[in-house]
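The values are calculated or read from the model by the stated rules, or taken from the named source; none is laboratory data. These numbers were taken from a predicted model, which means no experiment stands behind them. With ideal geometry, Cβ positions are generated from the backbone for all residues, glycine too; neighbour counts draw on all protein chains shown. With ligands, DNA and RNA removed, areas are computed over all heavy atoms of the protein, side chains included. Shrake-Rupley method; radii C 1.70, N 1.55, O 1.52, S 1.80 Å.
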Amino acid sequence: MFSRRFQGQVKTVTVNRAPSGQFFASVLVEDENQVPEPVLETIDRAVGVDLGLHDFAVLSTGEKVPHPQWLERELYRLKILQRRLAKTTKGSKNRAKARQKIARLHERMVNRRQDALHKLSTDLVRRFDTVCIEDLNVAGMARNHALARRIAQSGWAEFRRQLEYKATWSGKHVRVIGRLAPSSRLCPCGYYNHDLTLADRQWDCPICQRHHDRDVLAANNIKRFAFAEHETGRDTPGVPGERPPVDDRRRP
Ligand SMILES: [Zn+2]
């Protein structure tokens with residue numbers, strides 16, 4: 001059944017069969033819509049996004065986007081189904097049925113996650129001219145076992161892909177900065193908090209007395225450095241001559 005109509009000339013249609021037995025058609029359409037001229041960027045019309053484990057995303061505006069509530073529930077259900085599968089006999093009908101149940105649940109989770117990512121990426125590109133994110137070293141972080149599951153689930157790479165094509169289509173921008181490990185530790189005044197642990201959600205700067213939410217601070221630093229990094233040799237509004245820290249050990 002067609003659930004969508006297309007405008008323009010259909011170039012290719014690819015049909016795939018999902019493990020659950022459902023069929024999907026991917027349709028590539030060429031339309032006449034031109035990609036718009038990119039808008040001029042200013043730091044005031046930009047947003048920094050910190051993708052994390054505590055919340056899915058925290059914006060430099062202070063807004064927090066939590067991980068979807070269904071995630072924990074579905075992960076629990078997945079565990080139960082996997083345990084059931086392990087108890088079935090190899091080659092039996094029950095085993096095939098259990099397999100398919102897992103495949104169906106997995107597909108549903110991927111689809112729901114996809115919906116949540118689209119909602120957020122569309123909202124960001126609509127509201128801001130520039131979206132600044134970190135280039136997350138996912139492989140490196142996944143070595144930490146406790147974090148691995150959430151990273152796999154949260155779909156950071158997919159989120160970046162969506163942001164980039166949606167920005168192109170609407171003349172907006174995505175700025176990706178190299179991974180900035182100290183982003184939640186660095187006060188705009190230059191003070192670097194060496195003692196911050198993962199459990200500390202907030203801290204106060206002893207030099208300038210500013211109060212920081214660690215994730216909102218990180219999102220703001222991502223935005224600042226995204227603009228500093230791209231405009232080397234020139235003063236950027238709000239970031240006069242500032243460079244991202246290369247090695248946090250060298251900072252006071
Ligand atoms: Zn400070």
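Would you check if ARG77 is open to solvent by 90 Å² or more (accessible area, probe 1.4 Å) and assigned to a helix (DSSP H, G or I)? Considered against the rule, which asks whether it is open to solvent by 90 Å² or more (accessible area, probe 1.4 Å) and assigned to a helix (DSSP H, G or I), ARG77 comes out as yes. Got at least one residue in the range 8-27 being surrounded by 10 or more Cβ atoms within 10 Å (Cβ to Cβ), in contact with a Pro (Cβ under 6 Å, 6 or more places away or on another chain) and in a loop (DSSP other than H, G, I, E, B)? No; the residues of the range 8-27 include none that is surrounded by 10 or more Cβ atoms within 10 Å (Cβ to Cβ), in contact with a Pro (Cβ under 6 Å, 6 or more places away or on another chain) and in a loop (DSSP other than H, G, I, E, B). In the range 186-196, which residue that is within 17 Å of LEU59 (Cα to Cα) and within 7 Å of the ligand (Cβ to nearest atom) is modelled with the highest pLDDT? Here the residue is CYS187.
Summed over the range 61-73, the residues that are at pLDDT 85 or above and open to solvent by less than 40 Å² (accessible area, probe 1.4 Å) give a count of 1.
Applying a threshold of 9 Å to beta carbon distances and a minimum spacing of six or more residues, or different chains, the list of pairs starting in the range 21-38 at a residue that is within 11 Å of LYS11 (Cα to Cα) and ending at one that is of a type in the set (D, E, K, R) reads VAL27/ARG4; VAL27/LYS11; LEU28/LYS11; VAL29/LYS11; GLU30/LYS11. Only one entry of ALA86, ALA116, ALA167 meets the criterion of being surrounded by 17 or more Cβ atoms within 10 Å (Cβ to Cβ) and either at pLDDT 90 or above or within 16 Å of the ligand (Cβ to nearest atom) (or both), and that entry is ALA167. Among residues of the range 76-102 that are over 22 Å from ARG17 (Cβ atoms), those with a beta-carbon under 9 Å from a residue that is in a loop (DSSP other than H, G, I, E, B) and open to solvent by less than 70 Å² (accessible area, probe 1.4 Å) at least six positions away or on a different chain give the pairs ASN94/THR88.
Restricting to the range 51-73, give me the number of residues that are free of Cβ contacts under 8 Å to residues at least 12 places away in the same chain and either assigned to a helix (DSSP H, G or I) or within 16 Å of the chain's Cα centre (by Cα) (or both).
Counting residues in the range 51-73 that are free of Cβ contacts under 8 Å to residues at least 12 places away in the same chain and either assigned to a helix (DSSP H, G or I) or within 16 Å of the chain's Cα centre (by Cα) (or both) gives 4.
For the range 33-60, filtering for residues that are surrounded by 13 or more Cβ atoms within 10 Å (Cβ to Cβ) and closer than 24 Å to ASP213 by Cα leaves 17.
Inspect all residues belonging to the range 227-242 and state whether any of them is surrounded by fewer than 21 Cβ atoms within 10 Å (Cβ to Cβ), within 15 Å of the ligand (Cβ to nearest atom) and at pLDDT below 90. Looking for residues that are surrounded by fewer than 21 Cβ atoms within 10 Å (Cβ to Cβ), within 15 Å of the ligand (Cβ to nearest atom) and at pLDDT below 90, one finds at least one in the range 227-242, hence yes.
Only one of ARG149, ARG95, ARG160 is at pLDDT 85 or above and open to solvent by 50 Å² or more (accessible area, probe 1.4 Å); which?
Checking each option against the conditions leaves just ARG160.
For the range 197-220, a tally of residues being open to solvent by less than 10 Å² (accessible area, probe 1.4 Å) and away from the ligand (no atom under 12 Å from the Cβ) returns 2.
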